[in-house]
Every structure is written in structure tokens, then in C-alpha cells.
1. Considering each of LYS149, LYS113, LYS118 in turn, give the residue that is surrounded by fewer than 19 Cβ atoms within 10 Å (Cβ to Cβ), at pLDDT below 90 and of a type in the set (D, E, K, R).
2. Among the residues in region 61-80, are any over 14 Å from PHE45 (Cβ atoms) and in contact with a Leu (Cβ under 8 Å, 6 or more places away or on another chain)?
3. In region 58-89, which residues are of a type outside the set (A, V, I, L, M, F, W, C) and open to solvent by less than 40 Å² (accessible area, probe 1.4 Å)?
4. When you go through (1) part of a helix (DSSP H, G or I); (2) in contact with a helix residue (DSSP H, G or I) (Cβ under 9 Å, 6 or more places away or on another chain); (3) of a type in the set (Val, Ile, Thr) one by one for THR189, which number turns out not to apply?
5. Just to check your reading of the model, which residue among LEU28, LEU10, LEU55 is open to solvent by 70 Å² or more (accessible area, probe 1.4 Å) and in contact (Cβ under 8 Å) with a residue 40 or more places away in the chain?
6. Which residue pairs have Cβ atoms closer than 8 Å, lie 6 or more positions apart in sequence or on different chains, and pair a first residue in region 186-204 that is closer than 18 Å to GLU175 by Cα with a second residue that is hydrophobic (A, V, I, L, M, F, W, C) and surrounded by fewer than 18 Cβ atoms within 10 Å (Cβ to Cβ)?
7. So TYR100 clears everything in (1) assigned to a strand (DSSP E or B); (2) of a type outside the set (A, V, I, L, M); (3) in contact (Cβ under 8 Å) with a residue 60 or more places away in the chain except one condition, right? Which one?
Amino acid sequence: MTNTNPIKVLIVDDHLMFIDGLKSILSLNDKTFCIKSAIHAEEAFECIKDQSFDLVITDISLPGMNGIDLTKKIKKYNPDIPVLVLSMYVGRELVKEILYAEAEGYLLKKASKEELFKAIDKTLNGGTYYSSDITTIMMDLISQKHSNKLSSKSELTSREREILQLICQEYSSKEIADKLCISTCTVETHRRSMFLKTGAKSVVGLIRYAVENNLALWQ
């Protein structure tokens, strides 16, 4: 079904040819996008202050302020703006930094347009999307024990831990409700409870909590 309301997207990348290519790819989607671009993070942030956006897609490597610092700045300014990091770089430290910056998604530039569309759909609908390369690193990270951070793990009920694991697997609230045979309202109640217990302010914050406490499970 075609979306009649244009989705306002800000693309941040210092390669104009890549921006043009991404615009062409987005034109193949059944959604209507209103796209603005910036080649500097500072320029991008000024755009965000001047007008509202439904989604920011940013590279990591940018002249001046990098994409991770831009994400942190965006989240401090308005945590409701979803950020999808689209980069050719991957590594343990980058995954950690992007997770702590609370970007809703992290996708490699080698991804197919189908995966890009999936990532956009997920992030626009309040979810998260991390490519398989990224989740593999996350699995490696949680295999390490964080003994100094495990004391709060018991705060969550078994149902909350179950829902948290599904959130880490990128299930939406409706999908979680269907899988667990409960109402979407009940899922949202559990999510609010987890926010209070963990101190997280976003879905990405919950995922970060799961990683730190060895609770995340990826398929």
C-alpha cells in the first residue's frame, strides 16, 4: 500500500555520488520520501533544528564531527528521531559506540536494497535493525561476563526478560503480542515497566541493558 504522507529523511554522507545513489534506491520503494541531504554533521544538525525529520540516515566517517557524535547530539536534542547508521565499517568498538549512542539501526553499505527497506521500515515503526554482521559482534560482546553490572538483572520478571529478548530479535510490540498470545497493551505495559527498572529511555537503551547483563538472544 502506498504511503500518501511523504516520509522526511535526512541523509548525511560526504560522498555526493552515494547520496544520489541512495536517493535513487529509495525512489524504488512504495513509500514516498521527501529527502534532504548534508555532507557535514554540523550542517545536518542545523537542518534538524530548522525542520522535523522522520528518519536520519548517516555515515560514520564524516569530515569534522563523526556520525556517532552526531547521533549522540541528535538523541540529546530529540530522542524521538530515529537514526539509521549506514556505513562500510564494522568492528567491536564501533558496535559498542553506536549502541551507546542509541542509534536505532546499523547497516553495512554492502546490504541489498531489500535489507535497507526492511531497516527503514523497522526504525520508522519504533523498532530497531542491526544487520547480521553487527548482531554477530553483539553476540560476541555478551559472551563476555559483565560481573560488575549483573546485579540489576534480577529486577526484571521472567516475562519481562522474555519480551526483552524478543525486542533484541527486532520483534515489534504487535509481533511480540502475537508470539506470546498476549495483548499489545500488555506488551507496552511490560515495556514501560522495563524502562522504569532499567533506567533506559529508548528501545536501544533496553537492548544496551540486555547486552550489558547477558540477557540478549539473537536468532
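1. LYS149
2. no
3. Hits for region 58-89 are THR58, ASP59, GLY67, THR71, LYS75, PRO82, SER87.
4. (2)
5. Unique residue meeting the criteria: LEU28.
6. VAL187/LEU180
7. Among (1) assigned to a strand (DSSP E or B); (2) of a type outside the set (A, V, I, L, M); (3) in contact (Cβ under 8 Å) with a residue 60 or more places away in the chain, the lone unmet condition for TYR100 is (1).
Here's the yes/no breakdown for (1) modelled with pLDDT of 85 or more; (2) of a type outside the set (S, T, N, Q); (3) open to solvent by 80 Å² or more (accessible area, probe 1.4 Å):
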residue	(1), (2), (3)
GLY91	no, yes, no
GLU104	yes, yes, no
LYS122	yes, yes, no
SER158	yes, no, yes
GLN169	no, no, no
LYS174	yes, yes, yes
ASP178	yes, yes, yes
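The values are calculated or read from the model by the stated rules, or taken from the named source; none is laboratory data. Just so you know, these numbers come straight off a predicted model, no measurement behind them. With ideal geometry, Cβ positions are generated from the backbone for all residues, glycine too; neighbour counts draw on all protein chains shown. Heads up: the accessible areas ignore ligands, DNA and RNA and are worked out on the full protein's heavy atoms, side chains in. Shrake-Rupley method; radii C 1.70, N 1.55, O 1.52, S 1.80 Å.
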